[in-house]
Amino acid sequence: MKFQLRCHLTYNMATDSTLIFNIAVCHHSAQRILQETLDISGARESEQYSLGELDNRYLRVNAPPGRLQLSYEATVELNPLEVEAENLPEVPPAQLPVEVLSYLYPSRYCESDRLMRFAQTEFGDLLPDYSRVTAICNWIYDNVAYLSGSTDAQTSAFNTATERAGVCRDFAHLGIAFCRALNIPARFVTGYAYGLKPPDFHAYFEAYVGSSWYLFDATRLVPPTGLIRIGTGRDAADVSFATMFGTVAMEDMVLAVDCLTPDEWPQFPENDAYTPAIKQ
């Protein structure tokens, strides 16, 4: 499947400011960048760089007081691998690859240590396989209200479990925290999402089961086969779409994702609970 995506951001700086963006589609085995452009106006200087083995792509922009405009466009070929999720066991810590171990630890927004007792009570008796992560997503979907504006940049998984309201970022953090509390490695993913209304950056998560990473999205707002990855990290602190240093105000954000090959778009059952297993 091929997708065309566009992102246009406008900011107003009251002082000299530095902004770090994570909006470019990353290089990943499940997707291929066919074409991309980046236009910046109002910046004093900018540089692009990548960090870590996950190849997250960042853009640092230094801007004087005034208006900054940033436009990113890309054509991406997406090749999600849908698999049978039955009999995909959890992997005990003793057998996990070393590079996966860091995703077992609590992090800034995913305080799995504070949610361990709750996670054990709710999910501890379930089969230790892919279905337990699905049960975690079902619990979040059933018990946490998706409510725009209900949280902010300080909201953590513990807050979401307490307040029972949040947005995609919060749903992902809570899923990650519950998984880690059960010794299931989990990590945060940001991306563009085909069919998301209104269009916005989307957040979901991956859990490590059956010796591979699998996508999970407790919001059920879009099919996982339409998720185009931007960045991957321990939580939102690693891959926020914009981090600002200075007195900065966002004026406008416009996103769009179009499918260029609609005939290839899979038809899913009209069932909110249907979430195909996607291996990445």
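The values are calculated or read from the model by the stated rules, or taken from the named source; none is laboratory data. In this text, all values refer to a predicted model and were calculated from it rather than measured experimentally. Virtual Cβ from ideal backbone geometry, glycine too; neighbours counted across all protein chains shown.
Can we say TYR103 is aromatic (Phe, Trp, Tyr), buried (at least 18 other Cβ atoms within 10 Å of the Cβ), touching a strand residue (DSSP E or B) at 6+ places or on another chain (Cβ under 8 Å) and closer than 18 Å to PRO223 by Cα? Spelling it out, it is not the case that TYR103 is aromatic (Phe, Trp, Tyr), buried (at least 18 other Cβ atoms within 10 Å of the Cβ), touching a strand residue (DSSP E or B) at 6+ places or on another chain (Cβ under 8 Å) and closer than 18 Å to PRO223 by Cα. So which of ASP217, ASP235 ends up being at pLDDT 95 or above, buried (at least 21 other Cβ atoms within 10 Å of the Cβ) and either within 19 Å of LEU51 (Cα to Cα) or β-branched (Val, Ile, Thr) (or both)? Being at pLDDT 95 or above, buried (at least 21 other Cβ atoms within 10 Å of the Cβ) and either within 19 Å of LEU51 (Cα to Cα) or β-branched (Val, Ile, Thr) (or both) holds for just one of ASP217, ASP235, which is ASP235.
I'd like the full set of residues that are in a loop (DSSP other than H, G, I, E, B) and touching a residue at least 12 places away in the same chain (Cβ under 8 Å), limited to region 154-183. The answer is THR155, SER156, ARG164, VAL167, LEU182, ASN183. A residue that is touching a Lys or Arg at 6+ places or on another chain (Cβ under 8 Å) and basic (Lys, Arg) cannot be found anywhere in region 210-232. The residues of region 106-130 that are in contact with a Leu (Cβ under 9 Å, 6 or more places away or on another chain), free of Cβ contacts under 8 Å to residues at least 60 places away in the same chain and surrounded by 15 or more Cβ atoms within 10 Å (Cβ to Cβ), listed by number, are PHE123, PRO128.
Going through (1) in the same structural domain as THR10 (by TED's automatic domain parsing); (2) more than 26 Å from MET1 (Cα to Cα) one by one, ALA186 falls short only on (1). Scanning region 64-98 for residues that are assigned to a strand (DSSP E or B), over 19 Å from the mean Cα position of the chain (by Cα) and within 22 Å of LEU215 (Cβ to Cβ) turns up THR75, VAL83, PRO89, GLU90.
Being surrounded by fewer than 18 Cβ atoms within 10 Å (Cβ to Cβ), over 21 Å from HIS27 (Cα atoms) and out of contact with any Gly (no Cβ under 7 Å at 6 or more places or on another chain) narrows it down to one residue among GLU77, GLU86; which is it?
Exactly one of GLU77, GLU86 is surrounded by fewer than 18 Cβ atoms within 10 Å (Cβ to Cβ), over 21 Å from HIS27 (Cα atoms) and out of contact with any Gly (no Cβ under 7 Å at 6 or more places or on another chain), namely GLU86.
Evaluation of LEU51 against the conditions (1) at pLDDT 95 or above; (2) under 24 Å from the mean Cα position of the chain (by Cα); (3) of a type in the set (A, V, I, L, M, F, W, C) shows that the sole unmet condition is (1). Here ALA236 clears all of (1) of a type in the set (A, V, I, L, M); (2) over 23 Å from ARG60 (Cβ atoms); (3) in contact with a helix residue (DSSP H, G or I) (Cβ under 8 Å, 6 or more places away or on another chain) except the condition numbered (2).
Do the conditions hold for GLU36, that is, is it free of Cβ contacts under 8 Å to residues at least 40 places away in the same chain, acidic (Asp, Glu) and assigned to a strand (DSSP E or B)? Full working, then the answer.
Values: free of Cβ contacts under 8 Å to residues at least 40 places away in the same chain: yes; acidic (Asp, Glu): yes; assigned to a strand (DSSP E or B): yes.
So GLU36 fits the description; yes.
Residues that are touching an Asp or Glu at 6+ places or on another chain (Cβ under 7 Å), among the hydroxyl-bearing types (Ser, Thr, Tyr) and not in a strand (DSSP E or B) do occur in region 99-114. State yes or no: is VAL61 in a strand (DSSP E or B) and either farther than 22 Å from ALA237 by Cα or not assigned by TED's automatic domain parsing to the domain that holds GLU251 (or both)? Here the answer is no, as VAL61 does not meet what is asked.
Residues in region 115-144 that are closer than 20 Å to PHE201 by Cβ and outside any helix (DSSP H, G or I): VAL144 only.
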